[in-house]
Each structure stands twice: as C-alpha cells, then as structure tokens.
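Remarks on the structure that follows.
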Amino acid sequence: MKIDNSIAAIVTGGASGLGRASAEALAKAGAKVAIFDISDEQGEAVAKEIGGTYCNVNIMDEDSVLAGFEKARAANGQERIVVHCAMVAGGGKTVGFDKTTGGYKRADTAGFAKSMEGIATASYRVASIAALGMANAEPVNDDGERGSIILTSSAASQDGQVGQVAYGGGKGAVNSMVLPMARDLMDLGIRVNAILPGTFATPPMLRVKDHAPAVFEGLGKAVPFPKRLGNPEEFASLVLEIARNTYINAQLIRIDGAIRMPPK
C-alpha cells in the first residue's frame, strides 16, 4: 500500500509510547491519522502536532470504540491502516505467597478476565470494526488491497515470565487470532499482522529508569544486541513496512534485539 494523503489511518493508544511513535511516523509518511486514547491532554497535543484528529476512546467499551471510528471517518474518510497499541492488563502469579496471611493465594478470575478483555477482546473489537469498514471501500491498488490491520502482541506471548499469565495469555490469544482473521479477510483484500515487541523505552519503562536506574540498565544489558531497550521509532518503522508491503500477511513479527525472556 502506498502511504500518502489519500490514506487514512487509526492508531489506538496513540497519545504515548509505541502508539505515539506509530502515529507520528504515519503522519510523516503522508497519512491522515486519527488517535484513539483516553489521555485527552496528551492525545490532543499529539494530534495537533501531527495535524491529526483526536478521539477519546475506551477500548473496553463497544459504543466508545464505534463512536471513535465514526468521528475518525467523518474527519479523514475510511481508514485503510489500523495500528492497535492500546490495552488494559493486570498481573499476578497463578498462585503466590500472601505476606498478609502467611499462606498462599491465587490471582482471581475476575482480574484474569479483565486482562483478556483488555487485550484479546479489545484487539478483536478494533480489528473487526475496521475490517467491516474496509470491506465496503474500493481497493487502493492493483492487488485489490483494501486495508492493513496491525495488532500489537508481545515477546511475552512466547516467553511469558513469572506473574504474566494474564498478560502473556492475552497476547498469546492475539497471536492465535492473526492467521484465522487474515484468512477470514483474504477475499476482501484486508491483511492482518501482529508485532511482538520486546522491552521498549515506553513511558512505564522510563519511569523505571527514573526510580531504579540500576534495574533499567540491567534490562538493557539483557538484550543480546543492541544492548539497550528498543526505541518506539524502531517499532514505528516496522509498522510502516508492514503497511507498505502488501506481501506481508498473517505474520507474527518479533522486534526485540534477539532477547528471549528468562522466567523472571
């Protein structure tokens, strides 16, 4: 797909981190970008900076997401690229020691379900709404391509660490969604891929740097090469390549400096 000012894009979680870098890269390439987020001040600022549109969207709420798509399409037209970075997730060991009681406790089912909703269900929600809109649009090239959906998984989907059963499980569900969804949409010319980032210098990691610099330094040293955390711009570069390269379809692409996560 050629990215220019005829192409509209939506980036969830676009107010910060990987989403912000993706929104900035797509706008720089010429696309008309809408940002979905719940951080209004940051989202408005980023949208203004890139000449885009901000939509307050809660990915956990169907009506909120539908309203966001409606606003984005009214501003920019039918989206042809969707980059889904937003998520809601929790943590906790399946069974762990409780210092308060001196016994063991399990991570509750409700917390696990919320993580699955905030990762796997939200990914399906965003992707399927986008796909329906793309299906009713004209192709953008001679291949008959109508759109590109890029989901964000994680290296933890394959190397889940201690306490990541909900997070790793949710991201693993995203991985398992990619091939059947790409096959569902193949006759419509809509591609589906997922990026599996390793440890990136996103706002949560930068807070670690501020409060525990030794821990942050250790995270970088754990990466085989280059020995540092990933830059969000490197994630965004991969987003652009996936969007542009029509032959990339149904792929799970790790971008992690060759790291393989240890148990903890």
- Task: Find out how many positive minus negative residues lie around Asp40, taking Lys and Arg as positive, Asp and Glu as negative, among other residues whose Cβ is under 14 Å from that of Asp40.
- Result: -1
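Using only DSSP helix segments of four residues or longer, with each worth -39500 (n - 2.57), what per-residue ellipticity at 222 nm results for the chain after dividing by its residue count and rounding to 500? Display every interim value, and only then the final one.
Values: 9 runs with 113 residues, N = 264.
Roughly -13500 deg cm²/dmol at 222 nm, from the helical runs in the chain.
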- Message: Along the Cα→Cβ direction, 7 angstrom out, place labels at Asp4 and Thr101. What is the inter-label distance in nm?
- Response: 6.4 nm
- Which whole-number percent is the relative contact order of the chain (Cα, under 8 Å, 6+ apart)? 19 percent
- Message: Straight-line reach from Lys227: which aspartates and glutamates fall under 17 Å, measuring Cα to Cα and dropping same-chain residues less than 8 apart?
- Response: Glu217, Asp256
- Note on the structure: Largest first and rounded to whole Å, the semi-axes √(5λ) derived from the alpha carbon gyration tensor of the stretch 162-264 read 30, 16, 11
- Message: Going Cα to Cα from Lys264, which aspartates and glutamates come in below 12 Å? Please leave out same-chain ones fewer than 8 positions away.
- Response: Asp159
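What translational diffusion coefficient, to the nearest whole µm²/s, does the chain have by Stokes-Einstein, given a Kirkwood radius computed over alpha-carbon pairs, a temperature of 20 °C and 1.002 mPa s viscosity?
Details: Rh = 18.9 Å.
Reported coefficient: 114 µm²/s.
With respect to the cross-link table entries Lys71/Lys209; Lys105/Lys171; Lys171/Lys221, which display a Cα-Cα separation exceeding 28 Å? Intermediate results must be reported in sequence, preceding the final value.
Numbers: Lys71/Lys209 37 Å; Lys105/Lys171 24 Å; Lys171/Lys221 25 Å.
Lys71/Lys209, as the Cα separations exceed 28 Å there.
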- What does the charge count near Asp159 come to, summing +1 for each Lys or Arg and -1 for each Asp or Glu among other residues with Cβ under 14 Å from its Cβ? +3
- Relative contact order (percent, whole number), the stretch 51-167, Cα cutoff 8 Å, 6+ residue spacing: 34 percent
- Rounded to whole Å and ordered largest first, report the semi-axes of the equivalent ellipsoid of the stretch 46-151 derived from its Cα gyration tensor (root of 5λ). 38, 16, 11
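I want the local charge near Asp98. Using Cβ-Cβ distances under 15 Å, sum +1 for each Lys or Arg and -1 for each Asp or Glu among the other residues.
On the way: positive: Lys93, Lys99, Lys105, Arg106; negative: Asp108.
Net charge in that neighbourhood comes out at +3.
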- Item | Residue of Leu238, Leu151, Leu196 that the Gaussian network model of the chain assigns the largest fluctuation, springs spanning Cα pairs under 10 Å | Leu238
- Query: Which value, in debye to the nearest 20, describes the size of the charge dipole of the stretch 75-124 about its Cα centre when Lys and Arg Cβ atoms bear +1, Asp and Glu Cβ atoms bear -1, and nothing else is charged?
  - Reply: 200 debye
- Message: Among Lys32, Lys171, Lys221, which one shows the highest mean-square fluctuation when the chain is modelled as a Gaussian network with alpha-carbon springs under 10 Å?
- Response: Lys221
- Using only the Cα atoms of the stretch 136-207, construct the convex hull and provide its projected area averaged over every direction, in square nanometres to one decimal. 6.5 nm²
- Message: 5 Å is the cut-off here: which amide hydrogens, built 1.01 Å from N in the peptide plane, fall below it relative to Val33, excluding neighbours closer than 5 in sequence?
- Response: Ala9, Thr53
- Rounded to two decimals, what is Rg over Rh for the stretch 207-264 when you use alpha-carbon atoms and the Kirkwood radius? 1.08
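If contacts are Cα pairs under 8 angstrom and at least 6 residues apart, what is the relative contact order of the stretch 1-82 in percent?
Details: 154 pairs, mean separation 25.2, N = 82.
So the answer I get is 31 percent.
Taken together, the values in this text are just the output of simple stated rules run on the coordinates, not laboratory data. On a predicted model such as this, the values are computed, not experimentally measured, just so you know. All Cβ positions, even for glycine, are placed from backbone atoms using ideal geometry, and neighbour counts span all protein chains on display.
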